[in-house]
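Working notes, beginning with the structure itself.
The values are calculated or read from the model by the stated rules, or taken from the named source; none is laboratory data. All figures in this text were calculated on a predicted structure; none of them were measured in a lab. Positions of Cβ are generated from backbone atoms using ideal geometry, with glycine treated the same way; all protein chains shown enter the neighbour counts. The area values use the complete protein model at the heavy-atom level, side chains included, leaving out ligands, DNA and RNA. Shrake-Rupley method; radii C 1.70, N 1.55, O 1.52, S 1.80 Å.
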Amino acid sequence: MSGNKEVSFDPKEHQHLRYNPLRDTWVLVSAHRMKRPWAGQVEKPPEEHVPRHDPSNPLCPGNTRANGEVNPDYDSTFLFENDFPALQPDAPDPGSDQHPLFQSKAARGVCKVMCFHPWSDVTLPLMKKQEVVKVIDKWAELVEELGATYPWVQIFENKGAMMGCSNPHPHCQVWASNFLPNEPALSDRCQRAYYQKHGEQLLLQYARQEAEKKERVVVESSDWLAVVPYWATWPYQTLLLPRRHVLRINDLTTEERGGLADIMKRLLTKYDNLFEISFPYSMGWHGAPTGPSLKEDNSHWQLHAHYYPPLLRSATVKKFMVGYEMLAQEQRDLTPEQAAEKLRNLPEEHFKTRGEDKEDGGK
């Protein structure tokens, strides 16, 4: 017999695979890699001295945009058509006479930009709760309006230069398309299959299990839950979920919208407090498809938001999705449980407002 002692599995020390039921894919977790020294690329720290109003910033109130239009002197949210849209409503059809290896389809839609606030030096966690509620109300209004026609309405925010955002002014984008994009189409298929097999919404059951386990919960309330998902790919990725069954953001009650504003501020404050910077991320909402799907049964769907931040070790060291990730499969360098614990234990008072009067801190 071998004298080797059997080693028990430790997710913090031993690489393993985790299944993502929303995408029907696997992620490789290799937490022991965080012990390796880092001599790779270091990012430039984000700009922390953003002027409240920059006369040259095209998103500020009263300023002129690239197309020559002048912004109104808005004092809340401000919505306008993207001056450089990726989707336009009147694009021609490529036609149907195509080889199976060279297929094209018509892509039509609209692209809008939405400013959250008139000031350039604030972000969502530093805004007052009622200001964030106005953002949520506008999101719901857009899903209602654009979703009456278009099959998909994608709300997304790219925050920080590290995520390709060229303007520090607090804003997001809303793209509506005449097609169901790849990610929501995959999520639709996976949620439908789970619902048909188990008789319950995948993410509703998942939220209940995570609320019981607690080990990956970052922040929670009576209506909402934010977790580092079991299958997270990005280091501090989070999933934001309502506790009850909700199909789309415009289905949220007034009380749930207030609760969402609260939990967004709490989550994003923890993000900023992690490395004491304005934390970069890409985020977006996924809900049941719209347009023709409004007449169909979408019981398998559950509204949720994804947050994908790139930072790994510090404010200047990010996770790179290259090599193995591009050619084989996704891989992460610390366990979701470790990431959740780190975020969960951070204070909920923003580092920029510590010691200030709460009224002045935008609470």
- Item | Lys, Arg +1 and Asp, Glu -1 on Cβ, resulting dipole of region 45-96 about Cα centre, debye, nearest 20 | 80 debye
- Estimated dipole of region 242-363 in Debye, rounded to 20 [Cβ of Lys and Arg +1, of Asp and Glu -1, Cα centre]: 140 debye
- Item | Sparse-neighbour loop sites [trypsin sites (Lys or Arg not before Pro); region 84-115; at most 14 other C-beta within 10 Å; DSSP] | 105
- Note on the structure: Given 279-286, 297-304, 14-21, the highest-first ranking by average Cβ count within 10 Å works out to 279-286, 297-304, 14-21
- Determine the calculated [θ] at 222 nm for the chain from helices alone, applying -39500 (n - 2.57) to every DSSP H run no shorter than 4 residues and normalising by the residue count; nearest 500 deg cm²/dmol. -7500 deg cm²/dmol
- Item | Cα-projected label distance for residue 9 with residue 88, points at 7 Å along beta-carbon direction, nm | 5.4 nm
- Message: So, for region 212-321, what is the accessible surface per residue at a probe of 1.4 Å, expressed in square angstrom?
- Response: 31 Å²
- Among 89, 205, 179, the residue whose Cα sits farthest towards the positive end of the charge dipole of region 70-208, when +1 is placed on the Cβ of each Lys and Arg and -1 on the Cβ of each Asp and Glu, is 205
- Note on the structure: Looking only at lysines whose Cα falls under 24 Å of residue 342's and that sit 8 or more positions away or on another chain, we get 12, 35, 44, 159, 213, 214, 265, 270, 318, 319, 352, 363
- If you take the charge dipole of the chain about its Cα centre, with +1 on Lys and Arg Cβ and -1 on Asp and Glu Cβ, which of 114, 310, 102 is farthest toward its positive end? 310
- Share of carbon and sulfur in the accessible heavy-atom surface of region 47-104 [1.4 Å probe, %]: 52 percent
- Note on the structure: Gyration tensor on Cα atoms of region 176-299, a ≥ b ≥ c root eigenvalues, a/c under 1.5 rounded, else prolate if a/b beats b/c, else oblate, says prolate
- Message: If the reach is capped at under 14 angstrom between alpha carbons, list the aspartates and glutamates near residue 134, excluding any in the same chain fewer than eight residues apart.
- Response: 75, 255, 256, 262
- Message: What's the magnitude of the charge dipole for the chain around its Cα centre, counting Lys and Arg as +1 and Asp and Glu as -1 at the beta-carbon? Answer in Debye, nearest 20.
- Response: 1160 debye
- Can you list the trypsin sites (Lys or Arg not before Pro) in region 148-232 that are in a DSSP coil and have 15 or fewer other beta carbons within 10 angstrom? 214
- Task: Taking amide H positions as placed in the peptide plane 1.01 Å from N, state which residues far from residue 14 in sequence (5 or more) or on other chains have amide H under 5 Å from it.
- Result: none
- Derived scalar couplings ³J(HN,Hα) [region 85-92; Karplus, 6.51 cos²θ - 1.76 cosθ + 1.60; whole Hz; x for Gly, Pro]: x, 7, 10, 10, x, 10, 5, x
- Item | Phi-based couplings in Hz for region 135-147 (Karplus 6.51, -1.76, 1.60; Gly and Pro marked x) | 5, 4, 4, 5, 4, 4, 4, 5, 5, 5, 6, 6, x
- With each pseudo-label sitting 7 Å past Cα toward Cβ, what's the residue 69-residue 341 distance in nm, one decimal? 5.0 nm
- Kindly write out, for region 240-253 in residue order, the coupling ³J(HN,Hα) from the Karplus curve 6.51 cos²θ - 1.76 cosθ + 1.60 (θ = phi - 60°), rounded to whole Hz, with x marking Gly and Pro. 10, 9, x, 7, 9, 6, 10, 7, 9, 5, 6, 8, 5, 6
- Enumerate the amide H contacts of residue 82 below 5 Å, restricted to partners 5 or more residues apart or on another chain; note that Pro and chain-start residues carry no placed amide H. 111, 112, 113
- Rounded if a/c is under 1.5, else prolate if a/b beats b/c, else oblate: with a ≥ b ≥ c from the C-alpha gyration tensor eigenvalues square-rooted, which is region 68-145? prolate
